[in-house]
Amino acid sequence: MKYVILLLSEASKIDFGGSDKLAKNDHIVLVHVKGKKTIPASLEDVFENIKATVDYFEIAQTSDAWLSVAYLMGYHIASKHDVYVVTKDKTKIPNKLVGDAHIYASFKSIAGASTTTTKKSTSKSTAKKSTTAKKTTTKKSTTSAKSTKTTTKKTTAKQEEPTVLDVIGSLIGGDTKSNKSSKSQGGLIDLAGQLLGGK
């Protein structure tokens, strides 16, 4: 439920485009001087198409206008209502109330106020989703890297054991010391030596 407060004396200066988007449970509060409740002729069609309830707040004299606007703002803010003030002159509104109400120069901004909030929350949830996706991807790539390292170690270990041809090649070259490092290799060296030297 929105409470839109404005001075009836300023109504002819305000752009009412978008006021038809206000809902039935919203209220437009027109502050006017006693005896001057007439809506300007240029705005009669606009007020006929407004779905919101139009309320009138009567004041004694013109000098009380902004004091009355401040009073209405304070009352509706305390009542936990969404308070909007439509005016071309924002300087006359007390600073203490500016932070708790929405102040616009036209009705177009009021109609789009709730849409802006929805867009912000949507973008936040999208940002959270993308962060989660990045974390998952990082974990998967780390796992792949570990498995690659393990495979490399196994392959290297298999290549260190010499074949019969390697042993024969090293014996022909005169290198017998490096191949006597293990018992299993010693057997290969003896066999190769017998084949080549006839010992």
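Of all the Cα-Cα pairs you can form in the stretch 44-87, what percent are over 13 Å apart?
Numbers: 632 of 946 pairs.
In whole percent, the share of Cα-Cα pairs in the stretch 44-87 beyond 13 Å is 67.
Give me the extension gain from Ala41 to Ser79: residue separation times 0.36 nm, minus the current Cα-Cα distance, reported in nm with one decimal. Let's see the in-between values first.
Numbers: separation 38, 0.36 × 38 = 13.68 nm, distance 3.35 nm.
That pair, Ala41 and Ser79, stretches by 10.3 nm at full extension.
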Item checked: Cα convex hull of the stretch 7-66 - mean projected area over all directions, nm² -> 4.1
Next item on the list: State, as an integer percentage, the relative contact order of the stretch 1-114 based on alpha-carbon contacts under 8 Å between residues 6 or more apart.
Entry: 36
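Do the alpha carbons of any pairs in Lys2/Lys24; Lys24/Lys88; Lys2/Lys88; Lys37/Lys80; Lys21/Lys96; Lys13/Lys34 sit beyond 22 Å of each other, and which pairs? The partial results should precede the final answer.
Working: Lys2/Lys24 10 Å; Lys24/Lys88 25 Å; Lys2/Lys88 19 Å; Lys37/Lys80 28 Å; Lys21/Lys96 29 Å; Lys13/Lys34 20 Å.
Lys24/Lys88; Lys37/Lys80; Lys21/Lys96, as the Cα separations exceed 22 Å there.
Which of rounded, prolate, oblate describes the stretch 1-120, given a ≥ b ≥ c as roots of the alpha-carbon gyration tensor eigenvalues and a/c under 1.5 marking rounded, otherwise prolate only if a/b is larger than b/c?
Working: a/c = 1.65, a/b = 1.12, b/c = 1.47.
In terms of gyration-tensor shape, oblate.
FYI, it's all coordinate maths here, none of it is from the lab. What you see is a predicted model, and the numbers here were worked out from it, not measured in a lab.
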